[in-house]
Amino acid sequence: MSREIVFDTETTGLKPFKGDRITEIGCVEVIDLLPTGKTFRRYVNPERDVPEEVVKITGLTTEFLADKPLFAEIVDDFLEFVDDSKMVAHNARFDRDFLNVEMTKLDRRPFEDKRFIDTLLIARKKFPGAYNSLDALCKRFSVSLSERALHGALLDAKLLAEVYLELNGGRERRLDLDQRLRPATKAKGGQTQIIRSEIKTHTAPLTQEQRDEHLKFLNEVGDKPLWNKYL
């Protein structure tokens, strides 16, 4: 079982080393690539004004964030949720740098590069030369953007979780995972039993005795068994 955290951050700008800060963190837990429904979301007081051009993108104003907790107040909850799982982000370096600036300010250990999975890099290898923003990938994989009037960390993390699944095999992978996670069941005596079965092939030729027994069985089934058409 593989647990990963798909996450996104919203910020006051693009430059964490020049004073821009995190305003929102959103995380989605996935196990074996499938979202479990467990999420984490926190708004963060950036301790600075949010530029108007950023407000137009995220909808998060200076006034709205003024009474929200500082990063120092939410960091333990965030680390508890993430635990030691791999972290999946789109353009992961951006989010990692913002997180590590905050961690360093608190004298906390920064996140190591090897811990992150970057879906942008995966998409560039899979679709070289194509436009691989999150929006573009959602459209390519028919992931609905109907709820995305503004950028939000949790909503973007949920969208990215769907895109991440598609980048790793998509619906075929989902069906395969579902089949492995849900063994067949059979009712017996009013109770449900789990059946664990394997498909086995028989490659040795049938003996004449086996063929005669099989034909005898077919004749006992009924007057016109359907499979007689294929004999």
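We did not get these values from a lab; they are worked out from the coordinates using the rules stated. Since the structure is predicted, the reported quantities are computational estimates derived from the model, not experimental observations. For neighbour counting, all protein chains shown are included, and Cβ atoms are generated from backbone atoms with ideal geometry for every residue, glycine included.
Label separation (Ser133 vs Asp76): 4.0 nm, computed from points 7 Å beyond Cα along the C-beta direction.
Scaled to the globular estimate 2.2 N^0.38 Å, the Cα spread of region 49-105, given as radius of gyration, is 1.32. Averaging the Cα positions of each part gives two centres, and for region 46-87 and region 125-167 these lie 22 Å apart.
Take the residue pairs Lys38/Lys126; Lys105/Lys139; Lys56/Lys105 and return only those whose Cα atoms are more than 31 Å apart. Present the calculation step by step, with values, prior to reporting the outcome.
Values: Lys38/Lys126 29 Å; Lys105/Lys139 38 Å; Lys56/Lys105 28 Å.
Check vs 31 Å cut-off fails for Lys105/Lys139.
I want the antiparallel fraction of DSSP beta bridges within region 3-181, as a percent rounded to 5.
The antiparallel fraction comes to roughly 75 percent.
The Ile31 and Arg115 beta-carbon pair, evaluated with R₀ = 22 Å, returns a calculated FRET efficiency of approximately 0.80.
Annotation for region 42-74: GluC sites (Glu not before Pro) lying in DSSP loop with at most 14 further Cβ atoms inside 10 Å of their Cβ are Glu47.
Each residue in Ile57, Ile31, Ile5 was given a count of other beta-carbon atoms within 10 angstrom of its own, and listing them fewest first yields Ile57, Ile31, Ile5.
Legend: Rg and Dmax of region 3-181, from Cα coordinates, 16.3, 50 Å.
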